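Notes follow once the structure below has been shown.
The values are calculated or read from the model by the stated rules, or taken from the named source; none is laboratory data. Worth saying up front: this structure is predicted, and the values here are computed from it rather than measured. All Cβ positions, glycine included, derive from the backbone under ideal geometry; neighbour counts span all protein chains shown. For the accessible areas, the whole protein counts, side chains as well, though only heavy atoms, and no ligand, DNA or RNA atoms are used. Shrake-Rupley method; radii C 1.70, N 1.55, O 1.52, S 1.80 Å.
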Amino acid sequence: MSLGTNIQIYRKKKELTQENLADMMGVSRQTISKWESDTAYPETDKLITLSDMFGCTVDTLIKGDAEEDFVADTTGYDKEANSFTKAICAGTATVLFGLSAMLFMFGLFGIPEEKYTAPFMTGIAIGTFLLFVAIGAAIFIVGGIRHGNFVKENPLITPFYKAEEIKAFKRKFPVYIAVATLIVFLGLIALVVCSMMLPVEDPFKEQFEVWVVSFFMMSITVAAPIYIYAGMQYCKYDIESYNKAYNKTPSKYEKISGAVSGSLMIIATIIFLILGLVFNMWKICWIAYPVAALLCGVSNLIFDAMDKKE
């Protein structure tokens, strides 16, 4: 938009007449009229005064779009997107924390296959994990239902984020990813180094190794929500993609992809419990979850490619 149009928009939004603005700027009403019709232009000091008065930058006033500053989030999209992000992050962290807590207890009380392990303590450890899984599942369900209802009621959102807001987050995005990756690597380094600290014949080596794995899982527990937060917030600002996604009927491949992902996580939980409870393979059964997550990602890519071909 032109400078004159922007001045007019800001003036009207401030509920000022040309006479009011002229008095505030120390010029005549005719001067304001000329500014708004682009037949005359304010001097630099006047531009600075106008930008301060209107609460915008001089750059926006000269060559920006004043209307963008007044587009409102009438549907509550930003609040809902933030709430949904928090729910997914909290649910993920809860489940992963439960797994870490169970491994820590195994290291404290002894891993299940050892003779000195009290069955009661093993039950407490497993029960703690299942409790956190139940809490995490409840968080997922509540957040998912609320978000689903919001999407049904608001399948089309009018873009309202300012370019400065989007750019500001995009500058932060690599930092989130770098921090989460650093946390994972620190946990991995600790896992490798600590595993080599005790000699093979040490009677407490296996318990110590379980504690180390527990510590590594805690690093995953911290890093995973950061990854999720960064990704979901990045998508939040892409309102165009939101509108495309929720203003069409899901393809058969999208439906299949969702069903496959859900099934893989259920299978991972079943494998985890069978390996642990039946075969006492608690030290490695947790691998079922990252493997399932990897398979989910691969299946999504495959079905997405198939969907694009049609």
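Before moving on, here are some points about what is shown:
- Computed from the C-beta positions of Met265 and Lys167, the FRET efficiency with R₀ = 25 Å rounds to 0.10.
- Heavy atoms of Thr31: accessible area, 1.4 Å probe, square angstrom to 10: 40 Å²
- Approximate spin-label separation Ser37-Asp59, in nm, with each point projected 7 Å along Cα-to-Cβ: 3.2 nm
- Two-site label geometry, Leu131 and Asn154: point separation in nm, points 7 Å out along Cα→Cβ: 3.7 nm
- Model label points for Thr74 and Val193, set 7 angstrom from Cα along the Cα-to-Cβ axis, are 5.7 nm apart.
- Loop exposure criterion: chymotrypsin sites (Phe, Trp or Tyr not before Pro), DSSP state outside H, G, I, E and B, at most 15 other Cβ atoms within 10 Å. Applied to the chain, the longest stretch between such sites is 1-115.
- For the residue pairs Lys13/Lys162; Lys86/Lys255; Lys46/Lys236; Lys13/Lys167; Lys14/Lys46; Lys86/Lys244, the C-alpha atoms sit more than 27 angstrom apart in Lys46/Lys236.
- Selected from Cys89, Cys56, Cys296 as most flexible by GNM, with the chain as the system and alpha-carbon contacts under 10 Å: Cys56
- The chain, accessible surface, carbon-and-sulfur percent (1.4 angstrom probe): 67 percent
- Helices assigned as whole DSSP H runs in the chain whose Cα atoms extend at least 24 Å along their own long axis and whose mean Kyte-Doolittle hydropathy is -0.5 or higher are found at 77-109, 119-153, 163-195, 205-236, 252-277, 288-309.
- Net dipole in debye of the chain [+1 Lys, Arg Cβ; -1 Asp, Glu Cβ; about Cα centre; nearest 20]: 500 debye
- For a label point 7 Å along the Cα-to-beta-carbon line of Ala245, residues of the stretch 131-147 with backbone N under 13 Å: 147
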